[in-house]
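The values are calculated or read from the model by the stated rules, or taken from the named source; none is laboratory data. Source: prediction; values computed, not measured. Every residue, glycine among them, receives a Cβ derived from its backbone with ideal geometry; neighbour counts consider all protein chains shown. What goes into the accessible areas is simple: the full protein's heavy atoms, side chains included, and nothing from ligands, DNA or RNA. Shrake-Rupley method; radii C 1.70, N 1.55, O 1.52, S 1.80 Å.
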Amino acid sequence: MRRALIGGTLLLLCGAISARSKNDPLVFVFLGVDHQHDIAILRPMIAPDIGVQLDSGPREMKPGVVLRCKASVREHDAIVETQIAKISDLLLDCGEQKFIVKSIEFSPRAK
């Protein structure tokens, strides 16, 4: 279920990103930190709230801060629990802060 949610969020964001002009930054509002899951909660102006991992930058931000981010996608193959998988990272470069949204897609099993 969690993989489907992360994958769906990533697909939604990638679709919205590809539909936008490539020069326009994405705009997010920082809502707060979910300490239980160790993620920051951002509200994109184009989709529902998403949980992201802080890659680099200051750990302290005030809720309501508007972030203008440039997005890029990085993909690589991996073996996860003996299955071949493709890991996709949506990288959000928001100036001082950089965030990552990860998804894992497993290859269909051969019968």
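Some notes on this structure:
- Tally of residues being modelled with pLDDT of 70 or more and assigned to a loop (DSSP other than H, G, I, E, B) across region 1-45: 6
- Pair list, Cβ under 7 Å, 6 or more apart: region 54-68 residue free of Cβ contacts under 8 Å to residues at least 60 places away in the same chain, other residue part of a loop (DSSP other than H, G, I, E, B) and open to solvent by 50 Å² or more (accessible area, probe 1.4 Å): GLY57/GLU96; PRO58/GLU96
- Of note, VAL52 satisfies the criterion of being modelled with pLDDT of 70 or more and either open to solvent by less than 60 Å² (accessible area, probe 1.4 Å) or touching a helix residue (DSSP H, G or I) at 6+ places or on another chain (Cβ under 8 Å) (or both).
- Filter result (touching a residue at least 60 places away in the same chain (Cβ under 8 Å) and closer than 17 Å to ASP34 by Cα) within region 69-101: VAL101
- Counting the residues of region 37-47 that are without any contact (Cβ under 8 Å) to a residue 24 or more places away in the chain and under 18 Å from LYS102 (Cα atoms) gives 5.
- Only one entry in LYS111, LYS86 is more than 15 Å from ARG43 (Cα to Cα) and modelled with pLDDT under 80, namely LYS111.
- Count of residues meeting criterion [polar (S, T, N, Q) and closer than 12 Å to ILE104 by Cα] in region 61-93: 2
- Residue match in region 90-110 (condition: farther than 26 Å from LEU31 by Cα, under 16 Å from the mean Cα position of the chain (by Cα) and open to solvent by less than 100 Å² (accessible area, probe 1.4 Å)): no
- Scanning region 42-88 for residues that are closer than 14 Å to LEU26 by Cα and not hydrophobic (A, V, I, L, M, F, W, C) yields ARG43, PRO44, PRO48, ASP49, ARG68, LYS70, SER72.
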